[in-house]
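Student: Quick one: this structure, given as structure tokens, is what I'll be asking you about.
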Ligand code: MOS
């Protein structure tokens, strides 16, 4: 009988009951004997410049106020950005450091009081005057001309293959188009939140954060404290999507408050704070040039990316990733340029590079298919690569063509009218769209420790996080299957910097990395159990490979021994083993990606230009599926997000102030249930042994790559109108529709 908790089973989330009964403690919910003091962030109202005068007298005298922290009285810190050789996750994030304003919304004071209402009221009493910098720049377009040091994920900013200019000039069919995507927010449900507690020696920080190890270093570096004296806890997280990879502003402020007062201080970002005081995705301008033969073979692919970079914070998004990796071509020109701006930090947001790169690139590919007079699906299938086009490396596995074929059949693609704008139902124009889906598959060094106790229970520890993805659940399954235990015998302990150092969550690498380390620890435990049983003469010298581990028992030859028996006999209260994983040659020498194909049907109202998505379908190939239920949830989320990028999401900038205007979830448009169609998800399950010992591949960020382009391409097919400025709002369609 299959263990219902085995890998590949749709096990319900093991932390589900804790979450739905309110017993999972998120960062802001940690309970102390005395309630913590509450900090309220006061934001700058200019994009760049300095504080001229700051009067906190009235705020300090306001009821309930314990302290007002500003650059005049905040504890000592390392200057922002230093040391700059340590990377962005560990560099100093100094706040309230000097009179310098980095961006609109940058904290200028933290008011600490007994209640939120008192802190917020006192915050309004602070009087500030500024001396603005004239040259403050707020956004970036094609004028971006700085070459970033390295792109997120380690890619080079520039990639040239073959002779692009010649190949493009000689091509029979060419396309030269520019797409734009707006500033976007991660919009996690749980706002960024921290409680810091300092007892004069140890700083304990309850923080919603995806990567724990680097956060300890960042806090220690910023606050000039020995890293051994800093402990970070993040056991439950209400969504991160990259915006919680590293420490964020409220965490530094809470720590400054705790250091100053010697009491626990809680700072929860107000929803409006989050849009400026947590990272966002910068806007992009993407110029795409394609050259093909008349029969639709791509010969030249050009992609030039222009994006903002927050001054003093090195993060550049690899939007050219899709152009470099998806289709066969003789020549590639891919460049990334940035412009330093006085804007809130631009940083990782779900699938950096591929998410908005695919939105533009898969739209341009669609345009090229029409120019060549080909069906967009056939055009894609006619340009499948046999090696990674950008790096020239062989693929660890490649399943894109099969995803496209299988998806087309399931979606009913053959019934599509070839001519755009030719199918309608009443006043509704009907269109079908397709896009390829591709996302990096990464493995990150990770460690775990496990303990098998004499009562037959197993506990695993890692400083891993579960950002809502299901980490607790899939780790339970890996231990259950490998050790032959039921789920209720297994306890997964995550989210504490005292536990062994793990990958953390991000870049779709969490499950593969932390899961492989746990698999390794369990394999080591099996060896330990066998050795122990042998030492005590409980088993003979049958080959270890013949041993089975089932129902809490070790079975070898004619012997069946419970783990409890083995441990009791040896006199040990428990056995402990460590496990680890490191990316090896297979990640150096092979191109590693997950794949998919996505299809959309849209209806566009002829009179209003309103787009309603009727159907989304995706076929995905991401190696071995650890849990089809949690995997499906990840893919659903990405497809919702893709629709959202195509049609809704846009942080609107007031260029005069460098401020986002729509800083809440009413004005920052996200899809609601009424906007979402039926979503149909299929897996093509092929375990990939080159990926990691589990054979799984990254899945978290997969479906956001391509979902938006499938919708955009369907809008074009419905209307014959190609909108190159995302999101595709109805005004951009309506003005081009026939009367
Ligand atoms: Mo990832 S950028 O942490 O969704």
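Student: Modelling each spin label as a point 7 Å along the Cα-to-Cβ direction, I'd like the residue 550/residue 615 distance in nm, to one decimal.
Tutor: For the pair residue 550/residue 615, the computed spacing is 4.4 nm.
Student: So what is the 222 nm mean residue ellipticity for the chain from helices alone, if each DSSP H run of at least 4 adds -39500 (n - 2.57) and you divide by all residues, rounding to the nearest 500 deg cm²/dmol? Show your work: numbers first, answer last.
Tutor: Working: 18 runs with 191 residues, N = 739.
About -7500 deg cm²/dmol.
Student: Of 681, 365, how do they rank once you tally other Cβ atoms within 10 Å and put the fewest first?
Tutor: Lowest to highest Cβ neighbour count: 681, 365.
Student: I would also like to ask the following. How much space per residue, in cubic angstrom, does the convex hull of the C-alpha atoms of segment 251-340 take up?
Tutor: Per-residue hull volume (Cα only) is 135 Å³.
Student: With all pairs of different alpha carbon atoms counted, what Kirkwood hydrodynamic radius in Å does segment 549-602 show?
Tutor: Roughly 16.6 Å, rounded to one decimal.
Student: Right, next: Once a ≥ b ≥ c are taken as the square roots of the eigenvalues of the Cα gyration tensor of segment 428-586, is the result rounded (a/c under 1.5), prolate (a/b larger than b/c) or oblate (a/b not larger than b/c)?
Tutor: Working: a/c = 2.42, a/b = 2.07, b/c = 1.17.
Here segment 428-586 falls in the prolate category.
Student: Now a separate question. Taking every alpha carbon pair in segment 545-640, what does the distance histogram look like in 10 angstrom bins from 0, in percent?
Tutor: All Cα pairs, binned at 10 Å, distribute as 10, 20, 19, 20, 16, 8, 5, 2, 0 percent.
Student: Only Cα pairs under 8 Å and at least 6 apart count here; give the relative contact order of the chain as a rounded whole percent.
Tutor: Answer for the chain is 16 percent.
Student: Using 0.36 nm times the number of residues separating residue 419 and residue 293, minus their current alpha carbon distance, what extension gain do you get? Let's see the in-between values first.
Tutor: On the way: separation 126, 0.36 × 126 = 45.36 nm, distance 2.14 nm.
Fully extending the segment from residue 419 to residue 293 adds 43.2 nm.
Student: Let me know the Kirkwood hydrodynamic radius for segment 298-385, please, with Cα pairs as the basis and the value in Å to one decimal.
Tutor: It works out to 14.2 Å.
Student: If you don't mind, there's one more thing I want to ask. Give me the Debye-computed log₁₀ of I(q)/I(0) at q = 0.14, 0.19 Å⁻¹ for segment 37-104, equal point scatterers on Cα only, no solvent, two decimals.
Tutor: -0.54, -0.90
Student: For 467, 555, 195, what ranking results if the residue with the fewest other Cβ atoms within 10 Å of its Cβ goes first?
Tutor: 555, 467, 195
Student: Suppose the Debye formula is applied to equal point scatterers at every Cα of segment 1-140; what is log10 I(q)/I(0) at q = 0.14, 0.18, 0.19, 0.20 Å⁻¹?
Tutor: -0.82, -1.08, -1.14, -1.19
Student: Of all alpha-carbon pairs in the chain, indicate the percentage at a distance above 52 angstrom.
Tutor: Result: 15 percent of Cα pairs exceed 52 Å.
Student: Suppose the chain between residue 674 and residue 559 were pulled fully straight at 0.36 nm per residue; how much longer would it get relative to their current alpha carbon spacing?
Tutor: Stretched out fully, the residue 674 to residue 559 stretch lengthens by 35.5 nm.
Student: Can you report the principal axis dimensions of segment 213-284 using only the alpha carbons, biggest first, rounded to whole angstrom?
Tutor: Cα extents, longest axis first: 40, 24, 23 Å.
Student: Suppose we keep just the alpha-carbon trace of segment 110-235; what are its Rg and Dmax in angstrom?
Tutor: Spelled out, the Cα radius of gyration and Dmax of segment 110-235 are 23.9, 72 Å.
Student: For segment 612-659, what does the equivalent ellipsoid look like in terms of its semi-axes, each the square root of 5 times an eigenvalue of the Cα gyration tensor, given largest first in whole Å?
Tutor: 32, 15, 8
Student: For the pair residue 340/residue 120, report the inter-label distance in nm, with labels modelled 7 Å from Cα in the Cβ direction.
Tutor: Label-label distance for residue 340 and residue 120, simple model: 3.7 nm.
Student: Quick check on packing: order 517-525, 253-261, 108-116 by the mean number of other C-beta atoms within 10 Å, highest mean leading.
Tutor: Listed from highest to lowest mean packing, they are 253-261, 517-525, 108-116.
Student: Run through the DSSP bridge list for the chain and note the antiparallel percent, rounded to the nearest 5.
Tutor: So the antiparallel bridges amount to about 75 percent of the total.
Student: Quick one: Debye curve from the alpha-carbon atoms of segment 483-543 only, equal weights, vacuum; give me log10 I(q)/I(0) at q = 0.15, 0.17 Å⁻¹ to two decimals.
Tutor: Those come out to -0.64, -0.76, one per q.
Student: Tell me, what is the Rg over Rh of segment 593-739, with Rh the Kirkwood radius over Cα pairs?
Tutor: In segment 593-739, Rg relative to Rh is 1.05.
Student: While we're on this one: Kirkwood Rh and Cα-based Rg: tell me the resulting Rg over Rh for segment 508-562, rounded to two decimals.
Tutor: 1.10
Student: Here is a follow-up. Could you tell me the calculated FRET efficiency between residue 166 and residue 588, based on Cβ-Cβ distance and R0 = 30 angstrom, to the nearest 0.05?
Tutor: 0.40
Student: Kirkwood Rh over alpha-carbon pairs of segment 346-421, then Stokes-Einstein at 20 °C and 1.002 mPa s: what D in µm² s⁻¹, rounded to an integer? It would help to have the intermediate numbers written out before the result.
Tutor: Numbers: Rh = 14.6 Å.
In µm²/s, the coefficient is 147.
None of the figures in this text is laboratory data; all of them are computed from the coordinates on show. Treat the numbers as computed from the prediction; the structure is a model and nothing was measured. Cβ: placed from backbone, ideal geometry, glycine included. Neighbour counts: every protein chain shown.
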